[in-house]
Structures are given as C-alpha cells and as structure tokens.
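Okay, structure first, notes after.
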There are 2 protein chains.
Amino acid sequence: MTFDFAPLFPAGLPGPSAKWAGAQKFNFTGGNNDPDQVPVEGLTAASNAVLQREGRTLATYGLASGPQGYRPLREFLAAKLKSDAGISCTFDDILIVSGSLQALDLVNGVLLARGDTVIIEQETYQGALTRLARLGVNAVGIPLDGEGMRMDALASALADLKRRNIRPKYIYTIPTVQNPTGTIMGEGRRRELLKLSEEYGVPVFEDDCYADLIWDGKRPPALYAMSKTGGVIHIGSFSKSIAPALRVGYIVAGWDVLSRMLAMKIDAGSGALEQMVLAEYCAPHFTTHVPKLRRGLHGKLETLMEALNEQFGTAAEFDDPKGGIFLWVKLPDSVDTLKLYQSAIAAGVAINPGPEWSTNPSHSRSRLRLCFASPSKEEIRQGVATLAEVCRKEFGVPARIANVERATS
Amino acid sequence: MTFDFAPLFPAGLPGPSAKWAGAQKFNFTGGNNDPDQVPVEGLTAASNAVLQREGRTLATYGLASGPQGYRPLREFLAAKLKSDAGISCTFDDILIVSGSLQALDLVNGVLLARGDTVIIEQETYQGALTRLARLGVNAVGIPLDGEGMRMDALASALADLKRRNIRPKYIYTIPTVQNPTGTIMGEGRRRELLKLSEEYGVPVFEDDCYADLIWDGKRPPALYAMSKTGGVIHIGSFSKSIAPALRVGYIVAGWDVLSRMLAMKIDAGSGALEQMVLAEYCAPHFTTHVPKLRRGLHGKLETLMEALNEQFGTAAEFDDPKGGIFLWVKLPDSVDTLKLYQSAIAAGVAINPGPEWSTNPSHSRSRLRLCFASPSKEEIRQGVATLAEVCRKEFGVPARIANVERATS
C-alpha cells in the first residue's frame, strides 16, 4: 500500500473518523432507544405480511409508488399528522426520506449557500449545528426559556439582521420536546413565531422528531398546521417512536419546495423494505405501541432523576422534561463538561457535553445531555454513580458522595 | 399559500421535479429487475429469523456493529469478494452504504472540489455524469471498444492533462459489464490501466455493481485485487443481484480514504433492517440465487435481441453483452434518440436516450439503452414493436415494418 491519497483531498475536508471501538458500558449519548420496547413480534408479522403480498415490487426502484416513497406509508402519515398534529395534507405532500438527517440535508440543500445566515435555538441538535458549520452557514442562536425559543430575542435578532440587510434563510426550531432542553412551545408562542416569520419573510423549519414522545400524549398543533401562508417546512421520523436503526423520516411541505427537494434527492429512493414494514406495522399498531413506549421511557427518566439527586444532590440542576429521551443537566460553573466527557469516557461512561449542543459554548460549558432510553435502570444508576465519582475527582463536584451523606443523615 | 420560497433558493439550484405520473406501460429504463426473480420466500424467512434473533438491536443506531454497517453483512461481503473478485480484505475494510449512489457521493465527497477534473468512460452511467455536472467537475471521456476503456486513448488523455498541469482526481470505470455497453475489461487491459494509474498518480474508482450478472459467471479479478499500491476504490451493490429497492451498497478501500468517507457519512447509518435481511439471506443463498437470476435475465436478453432483429432488421446494431440488464443499441445516424424518447413516451414506451449516457453527445446521438430485466417477454416484444412503429413514423427507420417484410419473404 503505497498510493498516497492525501494530496488529492480537497481543502476543508473533515478529518478522518477514528475506528469504532465498541459502545461504552454506560451510554448516555445519541438517540438510541430502549431495546425492550422494539416491537419485535409486530415488526416480524408486518414483514411477513408485506413481503408475501408485495415482495415482488422490490424489483422496481421506488416500488410501485414513485420517488416520493411507499404510498401506504405516506397515507398512514397523512392520517397520523391530521389526528396528532392538526396537519391537513395528503400523501402527495409528503416525501419519505432516509431518516430525518436526510431531511435536514434536503432542506439545507434547497435553501442554503455558503455565507448564508439561519436562525436556530441557542441549545439545539448537534447534527444541525455540524451541518451548518460544514456548509459555511452562519447560525444565529436564540436563547431559550421554559417554553422554548424566546420571542423577544427572536424579534430583536430578526430586526438586527434586517438592519444589516441580511435575510435569514430559515428559523430552525424543535418546538415539541426541544432537543436538548425537553420543553414544549405553547400555542400562543407558536402564533407569535409564525407572525414574526411572516413579518420578516423568513420560513420556519419545524423539526418535530420527538413529538410522539410527550408523557401525557397531548401536544399543541404543529406550526405547519397553524401557518396560513405555507411558510413552514415540517419534518419527522420513526426513529424515536419505533426504532432508530430503521432509517425512515419524512418531509411535509408545499410542492414549490418539495419538488425542489425531490430534484436534489438523487439516491434512487429510500430503503423500501423499511418503509413497507413500517407502514404495515404502524397502520394498525402505532396508537397502542407509542403510549406503552412513553410509559417505559418515563420510568427510566424517573430513575435518572432519582440517581442524579442521589449522587449529585443539589449540584445537578434540571427541569423535568415534558417528554423525549434526554435530560439537560446543569452542573456547577466550575465543571467543564468537555473535560468531564474525556474523563467519563475513560471510566466507561459516555455523555453529550453541552458545548457540542449549543451556539453559545460559554452558556453550555457546565451543561450536559443525558439520554436515558437505551441503558437499563440498573445501568442508569451505576452510570450516574460512576459519573459522579469521575466528576468529584476532577472538579470536586459533588463535594462529597451524596448518597453516603444521606445514608447517615 | 402565499409564502414565496423562490427568492430564497440559491443560485444554480436544479429545477423542480415533475410530479410522478406512474410508470410507462413498456419500461426499458432504469436498473429495475425482474419481479419474478425477487427471492420473496427466502427474504421472508431471513427477515423472520434475523428479527426474532436480533430485532432488539434496532433500538441502537448502527445496531451492535458500529458506523461501518452490520458486521455479518460485511463478513459475507469479505468472503464473496475473495471468492468472486479475488479481493483480500476483512469486514473492517468495508463500509456499507445506502446503495451504490451513496458510494458515488462519498467518493466524490472526499476527492472532488468544483473545477476539478476526472477521467471517465465516454459512454457511462448517467447518475455518475449528473453528479459530476452538479459538482462543477470536468469529466474527460475516454472512447470504448469491445473490451471497455481504450488504453491508447487513456494514455493520451493523461499525458495531455499532465502537459496542462492537471492531475485528475480519479479514473472512473465500470470494468465488469460496462454500463451501457455491456463489455468486460480483460485481465491484460486491467494491468495496463493500473500501470497508467500508478504512473500518473491518479487513483482508479472501480464501480463493480453489475459484476454478479455475467452470463457464464466467470470474471477477471477486480482492479482492487490486482493493484499492488492500494490506489483503487472499489464499490458494489445488492441492487442488481437481489433487488434495487433495497438500498444497500458498499465501498472497499484503504483506511486512509475509508476513514475520510466515514467522516462524511453523517446519516446515522444506512438502513439496518435491509442490511440484516440481506446478510441473513445471502450467506446461505447468494450462490444459488444468482445463477438462476442470470439464466432468467439471459432469456429476456435473447427475447429483446430477437424482437429488435424482427422489428428493426439491420437498422438496429448492437453487440451481444456479456451480462447485465441492458443493451446498447445503435440506430441509423438519421435518428435522434432524444427526440425518439419524447415520441416513445407518448406511445407508452420509456427508453434511455444515448446522449444522457455519454460525454460525447454527438457520438451517442443515435444510440439508446434498453433495459430488459423488468418487462416480461411479452412486454419486451410489444414494446419493441411499438418503438419501431414510433421510430418509423418519425425518422423513416426502419424503412418498412421488418416483420411484415420477413413474413412475406
């Protein structure tokens, strides 16, 4: 092996990936879900039924449904989006994609050029931030409160950009179970957001991929449903409600934008078997599966919060999230979670350090995201105990091992 | 709906897609396969077995296999590539991707920048040409003969580029069942190609996605296997051997390039269920399924060649391809296949006009690609008869309806 590829790499190519070394013993990262909650029997039965009935169609790209995706899946989604999110659309307004990450790529692909500006939530999904950085797009972060993006701050940012003759390409929001803070934007604030969007001519990019996982099952209507102008692009996924390794997401948008995204989607269609199995499974089972999944996840969240209280005491601050699979935790200012991440990995605990999930690394310096869906309750307890030990050794936080203190108090 | 997205689209955005209007009655386009040959029973059994055994792992991105893809599938591929193509590699040298189109995107992603130059076969895969055009990359086409890329022409092109201080980023070739000409590059010519590649420091990008479909099952070793320097990137797919709607392909490359592609692959993994089902099915059944598929395809090719002889007589010239799913046909110079395409569509016959598969539109002006795997034998006969009628009306070719002439001769 003597051929040297390095001189052929273009400028700005991301550095190489490290070889995968296996998962950490205690993994609190990523959008992984609960293995006990994968509906294995249901998916098996669905796979049997749909393969027997329609397996021959796998010989054709896009099956018999064309490039927008398997029609029964789009029909299921149109019905679900109507009943859950108040969205009136037909299967024709939906584009099935390979996970919501491809949705991000397609929305970015049709709207963004190097040097553009977008508005996003100050704490937000790392995958969105990484993509914007690679595209050379300027991301203006808007601070959050207990209801998500703050409208006073959004109004100021839009006005400020307008003064500088900058028209942002979109306002990216995760309004329903915000990632990583777990908040839900109320209907009133959604109305304000749409008003600002229309006033400034900046579309809303609504990422709703956690919306199925609200503890009480009740959600405000989607921004897409509330908009009277069509200035919203809505995306979602089956990763959180069924299984993340199935790479199936979707985009709902007007044909003016959807037709452009379709022209950019030159992948000969998303995986057909996964679409077929999901449609076959979800049409009869989604509404019974998801509440069961939510109950299981909520139980794990309670275990995580208990473990944090026990191990970190008052050193770990967090708000009880309204749903989802993650908890956003604030440690004392002395803790640098990028450093904590390194030491924790060495001890077998994987966490998401706050600065990777924020446009304002100083604000999130001592914050971290803990995903609780994948580890068992016992792993959650042990993992948090290990994390507390690592954190105490490195930062003196918590001051002493809280559970010992409590046990003797 | 009043929001106007158009002013937000960046310069150079591809035009919108038309809404899908359903498949043509006689479809001779695309890499579609024979619906009768999809191994539905085998895939169903595989899906049952693997879901029951490992369905829980769908809760984790990348299953338990990490970001390079499902390990049993990579192990199957390492064994298959060894026995079929002479490639010595392990599962660690393979990256599973979402169809070979994602492989094209990743190879392009790590090597190409706007303004770069690559070398390709003069007649080649349309999806490769489209991608290069969108990336703003200059594609230098090398003329073909009955054994694929002509080495004298390649040597001249490389020398000419070198004189102009241009180092092409790769030489893209489909050496084994060339698309669209159906030729196979012999071992001697492969050696010459590798020699030129090394001499000029230009890597080879080997697209082997039709290599399973050689009529006699015998193929020369892959360029990747023959290279002594590691200057080859090899890609392949299950689209042609199992089913195109399953979006599973793969890349074999040294870690210096593979680690860069992995860093560019920010899609959270390719569809896991399709990988699992393919691994479970292929490990025991691939070597019996593929010869059966080949026999079926060869039968359809014979029907297509007979129908062309019958309907077009000497007006349709073609070489008997060595394998694959398409036939590259030359009509008389007076026929413009871009125009023929339009009239044929109106008559319910879809063809691939030659200029879309070539860097030299004048050379391919009267050529067309006919894919024969998807239509039935009866549809092939009727479709070719309809095409001949359309062609005669528009171009006076064939001069008279050949089968009538023959019937009376």
Restricting attention to the range B:237-265, which residues are within 7 Å of chain A (Cβ to nearest Cβ) and charged (D, E, K, R)?
B:ARG247, B:ASP256, B:ARG260
Residues of the range B:1-44 satisfying the condition of being touching a residue at least 12 places away in the same chain (Cβ under 8 Å) and either in contact with a Gly (Cβ under 7 Å, 6 or more places away or on another chain) or in a helix (DSSP H, G or I) (or both):
B:GLN24, B:LYS25, B:PHE26, B:PHE28, B:ASP34, B:PRO35, B:ASP36, B:GLN37, B:VAL38, B:GLY42, B:LEU43
Condition (residue is touching a residue at least 24 places away in the same chain (Cβ under 8 Å) and facing chain B (nearest Cβ under 8 Å)) applied to the range A:203-221: is it met by at least one residue?
yes
What number of residues in the range A:262-275 are more than 21 Å from A:THR57 (Cα to Cα) and in contact with a Gly (Cβ under 7 Å, 6 or more places away or on another chain)?
2
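Residues are listed down the side, and each one gets a yes or a no for (1) over 18 Å from the mean Cα position of the chain (by Cα); (2) in contact (Cβ under 8 Å) with a residue 12 or more places away in the chain:
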{"residue": "B:GLN52", "(1), (2)": "yes, no"}
{"residue": "B:ARG71", "(1), (2)": "yes, yes"}
{"residue": "B:ILE119", "(1), (2)": "no, yes"}
{"residue": "B:TYR125", "(1), (2)": "no, yes"}
{"residue": "B:ASN138", "(1), (2)": "yes, yes"}
So how many residues does the range B:110-126 have that are at the interface with chain A (Cβ under 8 Å from one of its Cβ atoms) and surrounded by fewer than 19 Cβ atoms within 10 Å (Cβ to Cβ)?
1
Picking from A:SER65, A:SER100, which residue would you name as being among the polar types (S, T, N, Q), out of contact with any helix residue (DSSP H, G or I) (no Cβ under 8 Å at 6 or more places or on another chain) and in the same structural domain as A:PHE238 (by TED's automatic domain parsing)?
A:SER100
Does B:LEU101 count as modelled with pLDDT of 95 or more and crowded, with 24+ Cβ neighbours inside 10 Å?
no
Which condition number does A:VAL110 fail, the rest of (1) assigned to a helix (DSSP H, G or I); (2) among the β-branched types (Val, Ile, Thr); (3) closer than 18 Å to A:PHE238 by Cα being met?
(3)
Take the range B:45-90 and flag every residue that is buried (at least 23 other Cβ atoms within 10 Å of the Cβ), part of a helix (DSSP H, G or I) and of a type in the set (S, T, N, Q).
B:SER47
Across the range A:350-391, what is the number of residues that are hydrophobic (A, V, I, L, M, F, W, C) and in a strand (DSSP E or B)?
4
For the range A:214-226, give me each residue that is touching a Leu at 6+ places or on another chain (Cβ under 7 Å) and surrounded by 24 or more Cβ atoms within 10 Å (Cβ to Cβ).
A:LEU223
From the residues in the range A:47-59 that are more than 7 Å from every other protein chain (Cβ to nearest Cβ) and out of contact with any Leu (no Cβ under 8 Å at 6 or more places or on another chain), which one is farthest from A:GLU274 (Cα to Cα)?
A:ARG53
Give me the pairs, please: first residue somewhere in the range B:371-395 and away from chain A (no Cβ under 14 Å), second residue anywhere and assigned to a helix (DSSP H, G or I) and at pLDDT below 95, beta-carbon distance under 8 Å, and either six or more positions apart or on two chains.
B:ALA385/B:ASN403; B:ALA388/B:ALA402
Looking at B:ALA268 and the list (1) at the interface with chain A (Cβ under 7 Å from one of its Cβ atoms); (2) within 20 Å of B:ASP93 (Cα to Cα); (3) surrounded by 24 or more Cβ atoms within 10 Å (Cβ to Cβ), which single condition is not satisfied?
(3)
Take B:SER259 and decide whether it is at pLDDT 95 or above and surrounded by fewer than 24 Cβ atoms within 10 Å (Cβ to Cβ).
yes
Tell me, please, whether a residue that is in a loop (DSSP other than H, G, I, E, B) and either more than 15 Å from A:ASN33 (Cβ to Cβ) or modelled with pLDDT of 95 or more (or both) can be found in the range A:272-292.
no
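Every residue, every condition in (1) under 26 Å from A:SER17 (Cβ atoms); (2) β-branched (Val, Ile, Thr); (3) in contact with a helix residue (DSSP H, G or I) (Cβ under 9 Å, 6 or more places away or on another chain), yes or no:
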| site | (1), (2), (3) |
| --- | --- |
| B:ILE214 | no, yes, yes |
| B:LYS228 | no, no, yes |
| B:VAL232 | yes, yes, yes |
| B:ALA243 | no, no, yes |
Quick one: which residue in A:GLY12, A:GLY69, A:GLY30, A:GLY62 is at the interface with chain B (Cβ under 10 Å from one of its Cβ atoms) and either within 30 Å of B:VAL40 (Cα to Cα) or of a type in the set (A, V, I, L, M, F, W, C) (or both)?
A:GLY62
Any chance the range B:105-126 includes a residue that's acidic (Asp, Glu), assigned by TED's automatic domain parsing to the domain that holds B:MET149, in contact with an Asp or Glu (Cβ under 9 Å, 6 or more places away or on another chain) and over 23 Å from B:GLY296 (Cβ atoms)?
yes
Tell me yes or no: at least one residue of the range A:228-247 is closer than 23 Å to A:ASN138 by Cα, of a type in the set (Val, Ile, Thr) and assigned to a loop (DSSP other than H, G, I, E, B).
no
Could you tell me whether the range B:169-187 includes any residue that is in contact with an Asp or Glu (Cβ under 7 Å, 6 or more places away or on another chain), surrounded by fewer than 19 Cβ atoms within 10 Å (Cβ to Cβ) and not assigned by TED's automatic domain parsing to the domain that holds B:HIS363?
yes
Can you tell me which condition A:ARG295 does not meet? The list is (1) more than 9 Å from every other protein chain (Cβ to nearest Cβ); (2) within 20 Å of the chain's Cα centre (by Cα); (3) over 20 Å from A:GLY30 (Cβ atoms); (4) touching a residue at least 24 places away in the same chain (Cβ under 8 Å), and all the others hold.
(4)
Could you say whether any residue in the range B:303-317 is more than 14 Å from chain A (Cβ to nearest Cβ), surrounded by fewer than 16 Cβ atoms within 10 Å (Cβ to Cβ), without any contact (Cβ under 8 Å) to a residue 24 or more places away in the chain and part of a strand (DSSP E or B)?
yes
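The values are calculated or read from the model by the stated rules, or taken from the named source; none is laboratory data. Here the structure is a predicted model, which is why all the values come from computation and not from measurement. Ideal geometry is used to build each Cβ from the backbone, glycine not excepted, and the neighbour counts take in all protein chains shown.
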